[in-house]
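A.B. asks: Below is one structure. I have some questions about it.
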Amino acid sequence: DGGYLGSRFFCTKECPASEEVKQALVNNYGELDTHIGLRPYRNSTRFVKNDLMKQVIELEKAGEPFEKVGPLVAGYRTRGFVTGEFPFQEGSLCIGECLGNIHDVPTVAEVVERIMKECEAQLNRFN
């Protein structure tokens, strides 16, 4: 068994994303601030819901072809979002709904330590 932890590790000190982006996610976004986009194109992906994603939502509702939507969610938009090249509202970022449970930007070691402590605490409940 396992779990997806990409969003948790995105919001760590070691992640090369700009501190501004990480703090904006941690302080201003929750689990309801994501959008599952690209469904009409059979490529469902959860994104941070920002102004760019609102444009994507409107294009999807209008039945626009992927050729119109694709450039808005292309890799360069993610890179620009992460590096701060694009304003926060103009970049795309795939992220999990667990975003609502992320409230800080610790080190990777601290995240792993917390996970282990929480796991041990749960296992001890059964002993």
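A.B. asks: Quick check on residue 7: is it in contact with a Ser or Thr (Cβ under 7 Å, 6 or more places away or on another chain), of a type in the set (S, T, N, Q) and open to solvent by less than 80 Å² (accessible area, probe 1.4 Å)?
C.D. replies: Spelling it out, it is not the case that residue 7 is in contact with a Ser or Thr (Cβ under 7 Å, 6 or more places away or on another chain), of a type in the set (S, T, N, Q) and open to solvent by less than 80 Å² (accessible area, probe 1.4 Å).
A.B. asks: When you check residue 102 against the structure, is it more than 20 Å from residue 41 (Cα to Cα) and surrounded by 13 or more Cβ atoms within 10 Å (Cβ to Cβ), yes or no?
C.D. replies: Spelling it out, residue 102 is indeed more than 20 Å from residue 41 (Cα to Cα) and surrounded by 13 or more Cβ atoms within 10 Å (Cβ to Cβ).
A.B. asks: Let me ask something else. Residues that are in contact with a strand residue (DSSP E or B) (Cβ under 9 Å, 6 or more places away or on another chain), at pLDDT 95 or above and under 15 Å from residue 7 (Cβ atoms), at least 1 per element: which helices (runs of 4 or more DSSP H) completely within region 17-75 meet that?
C.D. replies: In region 17-75, there are no helices (runs of 4 or more DSSP H) which contain 1 or more residues that are in contact with a strand residue (DSSP E or B) (Cβ under 9 Å, 6 or more places away or on another chain), at pLDDT 95 or above and under 15 Å from residue 7 (Cβ atoms).
A.B. asks: In region 61-80, is there at least one residue being closer than 30 Å to residue 106 by Cα, of a type outside the set (A, V, I, L, M, F, W, C) and open to solvent by 60 Å² or more (accessible area, probe 1.4 Å)?
C.D. replies: yes
A.B. asks: State yes or no: is residue 114 among the basic types (Lys, Arg), closer than 19 Å to residue 9 by Cα and open to solvent by 80 Å² or more (accessible area, probe 1.4 Å)?
C.D. replies: yes
A.B. asks: Does residue 121 count as over 18 Å from residue 8 (Cα atoms), open to solvent by 50 Å² or more (accessible area, probe 1.4 Å) and part of a helix (DSSP H, G or I)?
C.D. replies: yes
The values are calculated or read from the model by the stated rules, or taken from the named source; none is laboratory data. Since we're looking at a predicted model, the values are computed, not measured. Every residue, glycine among them, receives a Cβ derived from its backbone with ideal geometry; neighbour counts consider all protein chains shown. Calculation scope for accessible area: heavy atoms of the full protein, side chains included, ligands and nucleic acids excluded. Shrake-Rupley method; radii C 1.70, N 1.55, O 1.52, S 1.80 Å.
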